[in-house]
Amino acid sequence: MVLGIGHHGAIMTATGPRRSRPTLADDLAPVRLEIDVAWGEMDSFQHVNNIIYLRWFESARIEYFRQTGFIEHMQATQVGPILAESRCRYRAPVTFPDRVTVTASARQVSEDRFVMDYRLYSQQQGFLVAEGDGTVVCYDFAAGRKAPLPAEVLRAMQELEGRGDLATAAE
């Protein structure tokens with residue numbers, strides 16, 4: 001039973017406060033990508049299969065790389081991004097039909113890597129249904145080893161994020 005709205009948007013129930021679920025309107029990430037849920041992405045449990053969420057994160061990550069010029073840099077120099085780690089926290093199931101919006105932003109930039117945060121919102125449900133992050137490492141494909149994050153990519157990331165404080169050791 002909902003009793004009212006409390007401090008910081010918490011919903012007050014008979015058992016105490018319950019935080020309201022984050023919505024897309026609350027998300028400040030610079031990259032947003034809308035994706036239609038396909039019937040074939042559902043599994044035998046009648047919701048979107050868990051691996052699809054990681055594919056949606058990948059689509060947002062590639063869009064982030066496109067907007068920062070990282071893909072073009074890789075094509076020109078053979079130095080580009082690889083995914084070293086990925087995590088996803090599933091908060092609510094997604095079903096067909098729906099349209100989701102996945103967002104991406106960067107944090108914890110160091111000399112050769114950064115963390116990318118993802119959030120996934122269901123338009124049908126109107127709130128956050130999954131969130132995750134991934135560690136992206138800069139890699140020299142010709143030499144077969146890690147490489148420093150290119151200065152022009154870092155500048156583009158700072159511009160896209162609207163923050164000059166992304167770099168900790170990259171310059």
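The values are calculated or read from the model by the stated rules, or taken from the named source; none is laboratory data. Small disclaimer: the values here were computed from a predicted structure and weren't measured. Ideal geometry is used to build each Cβ from the backbone, glycine not excepted, and the neighbour counts take in all protein chains shown. Quick note on the areas: whole protein, heavy atoms, side chains included, nothing else; ligands and nucleic acids left out. Shrake-Rupley method; radii C 1.70, N 1.55, O 1.52, S 1.80 Å.
Of all the criteria given as (1) open to solvent by 10 Å² or more (accessible area, probe 1.4 Å); (2) modelled with pLDDT of 95 or more; (3) not in a strand (DSSP E or B), the one not satisfied by E131 is (3). Taking the criterion of being of a type outside the set (A, V, I, L, M) and either in a strand (DSSP E or B) or surrounded by 15 or more Cβ atoms within 10 Å (Cβ to Cβ) (or both), the residues of region 134-146 that qualify are G134, T135, C138, Y139, D140, R145, K146. Figure legend. Inter-residue proximity from region 53-73: first residues on the phi > 0 side of the Ramachandran plot, second residues crowded, with 19+ Cβ neighbours inside 10 Å, beta-carbon distance below 7 Å, spacing 6+ or different chains. Indicated pairs: G69/V153.
I'm checking my understanding of the structure. Among residues of region 56-77 that are open to solvent by 30 Å² or more (accessible area, probe 1.4 Å) and aliphatic (A, V, I, L, M), which one is farthest from V136 (Cα to Cα)? Ranking the candidates gives A76 first.
Residues that are under 30 Å from K146 (Cβ atoms), part of a strand (DSSP E or B) and not hydroxyl-bearing (S, T, Y) within region 39-97 comprise V79, G80, P81, I82, L83, A84, E85, R87, C88, R89, listed in sequence order. Screening L149, L120, L160, L154 for residues that are in a strand (DSSP E or B) and out of contact with any Gly (no Cβ under 7 Å at 6 or more places or on another chain) leaves exactly one candidate, L120.
Within region 98-117, the set of residues being within 17 Å of V48 (Cβ to Cβ) and either of a type in the set (F, W, Y) or not in a strand (DSSP E or B) (or both) comprises D98 only.
The number of residues in region 78-107 being open to solvent by 10 Å² or more (accessible area, probe 1.4 Å) and under 14 Å from the mean Cα position of the chain (by Cα) comes to 9. Taking V109, is it touching a residue at least 40 places away in the same chain (Cβ under 8 Å), closer than 21 Å to D43 by Cβ and in contact with a helix residue (DSSP H, G or I) (Cβ under 8 Å, 6 or more places away or on another chain)? No. Looking at region 147-168, which of its residues are touching a strand residue (DSSP E or B) at 6+ places or on another chain (Cβ under 8 Å) and surrounded by fewer than 15 Cβ atoms within 10 Å (Cβ to Cβ)? Of everything in region 147-168, just one residue is touching a strand residue (DSSP E or B) at 6+ places or on another chain (Cβ under 8 Å) and surrounded by fewer than 15 Cβ atoms within 10 Å (Cβ to Cβ), namely T168.
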